[in-house]
Amino acid sequence: SPAPQRHLPLRYLQISSFANSSWMRTDGLAWLRDLQAYTWRNDSDTICFLKPWSQGTFSDQQWKQLQQTFQVYRRSFTRDIREFVKMLHVDYPFEIQVSAGCEELPGNTSESFLRVAFQGRDVLSFQGTSWVSAPDAPPWGQMACTVLNQDQGTRETVQWLLHDICPRFLRGILETGKSELEKQVKPEAWLSSGPSPGPGRLLLVCRVSGFYPKPVWVTWMRGEREQSGTQQGDIVPNADETWYLRVTLDVTAGEATGLSCRVKHSSLGDQDIILYWDRSHAS
Ligand code: J81
């Protein structure tokens, strides 16, 4: 049966595109597990809440202060990168991605991270109290860290954000967002045939859609026997914050009868969905 999701990370993702010495943009977004709760577009001064629970348990005053810290950060970040380009002789155009966040762990502890990627590859991260270059970073990664580590004020602010603010803020949203995070939405499932894998063969397709949360178990069965040839696709998102999965089985035409697709999901309790294959599906 599907493994329950214990981890509820809060993740900030930033994409900064530097086209040339005058054109750039930075967009940010943040997720609570798989629910996007914030967006911060380049043309907006403020971080936009996408959920009624986005502010967590922080007061308006606390949020305002945090927002100001991020506004200073975004302006300084752009200026810093322009300076690094000159100092490190990096060529335009390039993309920088920042990912940061925290996660609650068992035993009232939490884990935080902050990583920076250049052209899709890790260049540096924040570890403990300082910036560290990634193992396979370009030669200038080390140089960038040395420069960044001279700014004691920023190192302290980053530690405060990662180890104090982030876990506290996360605990708040786990309270205010509880009902949405614990929501249960039942899947629908249906059968059809896919493109024939070869002469005399059938591709049986079982589609499962509209479920939440993400963990699900879907397999082709004959009676109580799981069919080992079952091929699982990726669990991909629908547009309405539910998930979709396609599971197939390649069989000879004669083997198809008696096969069924079985779906287990937390929203169904122990009432698994079982759909039997019959000739009407093979069109
Ligand atoms: C092309 C080469 C690419 C190299 C990769 C560079 C990666 C950059 C990573 N660095 C950052 O993200 C921090 C950027 C901004 C920072 O460097 C400071 O400029 C900025 C402002 O600092 C100044 O004011 C502070 C008070 O407001 C302090 O006084 C500080 O000493 C002073 O220098 N710092 C901040 O905004 C702090 C918050 C950073 C939060 C990062 C969260 C993602």
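The values are calculated or read from the model by the stated rules, or taken from the named source; none is laboratory data. Just so we're clear, the structure is a prediction, and the values are computed from it rather than from any experiment. Please note: Cβ atoms are built from the backbone with ideal geometry, for glycine as well, and neighbour counts cover all protein chains shown. Keep in mind that these areas ignore ligands, DNA and RNA; they rest on the heavy atoms of the full protein, side chains included. Shrake-Rupley method; radii C 1.70, N 1.55, O 1.52, S 1.80 Å.
If I stretch the segment between R75 and D27 completely, what's the gain in nm (0.36 nm per residue apart, minus their alpha carbon distance), one decimal?
On the way: separation 48, 0.36 × 48 = 17.28 nm, distance 1.25 nm.
Working it through step by step, the gained length comes to 16.0 nm.
Roughly how tilted is helix 166-176, in degrees to the nearest 10 and between 0 and 90, from the longest Cα axis of the chain?
Computed tilt is about 50 degrees.
Which peptide among 39-47, 144-152, 204-212 comes first, and what is the full order, when sorted by highest mean count of other Cβ atoms within 10 Å?
Working: 39-47: 13.1, 144-152: 15.0, 204-212: 21.0.
The peptides rank, most packed first, as 204-212, 144-152, 39-47.
Taking only pairs that are 8 or more places apart or on different chains, how many Lys pairs in the chain have Cα atoms under 23 angstrom apart?
Final tally of qualifying lysine pairs is 12.
Please give the per residue accessible area of the stretch 1-81, computed with a probe of 1.4 Å over protein heavy atoms only, in Å².
For the stretch 1-81, the per-residue accessible area is 56 Å².
Label-point separation (nm) for V185 and S209, each offset 7 Å from Cα along Cα-to-Cβ?
Once both label points are built, they end up 1.2 nm from each other.
Run the numbers for Q271 and S130: contour at 0.36 nm per residue of separation, minus the present Cα-Cα distance, in nm. If you can, show how the numbers build up before the last one.
Working: separation 141, 0.36 × 141 = 50.76 nm, distance 5.17 nm.
45.6 nm is the gain from fully extending Q271 to S130.
With the crude spin-label approximation of a point 7 Å out along Cα→Cβ, what separation in nm comes out for S192 versus W217?
The modelled label-to-label distance comes out at 2.8 nm.
Return a whole-number percent for the relative contact order of the chain, with Cα pairs under 8 Å and 6 or more residues apart as the contact set.
Relative contact order comes out at 15 percent.
Taking a probe of 1.4 Å, how large is the accessible area per residue of the stretch 165-283, in Å²?
On the way: 6320 Å² over 119 residues.
Normalised by residue count, the accessible surface of the stretch 165-283 is 53 Å².
Specify the angular offset, from 0 to 90 degrees and rounded to the nearest 10, of the alpha carbon long axis of helix 60-88 from the longest principal axis of the alpha carbons in the chain.
Helix 60-88 and the main axis of the chain meet at about 80 degrees.
How many angstrom lie between the Cα centre of the stretch 117-186 and the Cα centre of the stretch 64-85?
15
How much accessible surface area, in Å² rounded to 10, belongs to the heavy atoms of D278 with a 1.4 Å probe?
70
Need the full-extension length gain, Y92 to S59, defined as separation in residues times 0.36 nm minus the C-alpha distance. One decimal, nm.
Values: separation 33, 0.36 × 33 = 11.88 nm, distance 4.14 nm.
Length gained, Y92 through S59: 7.7 nm.
Measure off 7 Å from each Cα along the Cα-to-Cβ vector at H7 and L66, then give the distance between these two points in nanometres to one decimal.
It works out to 2.2 nm between the two label points.
Counting only helical runs of four or more DSSP H residues, what would the 222 nm mean residue ellipticity of the chain come to if each run contributes -39,500 (n - 2.57) and the total is spread over all its residues? Provide the component values of the computation, followed by the final result.
Values: 5 runs with 63 residues, N = 283.
Theoretical 222 nm ellipticity from helices: -7000 deg cm²/dmol.
Once neighbouring chains are kept in place and the probe is 1.4 Å, which whole percent of the accessible area of the chain is contributed by carbon and sulfur?
Numbers: 8090 of 15720 Å².
The nonpolar share, carbon plus sulfur, comes to 51 percent.
Only four residue types carry charge here, +1 at the Cβ of Lys and Arg and -1 at the Cβ of Asp and Glu. Report the dipole size of the chain about the Cα centre in Debye, rounded to the nearest 20.
Working: 29 positive and 31 negative charges, 37 e Å.
Here the size comes out at about 180 debye.
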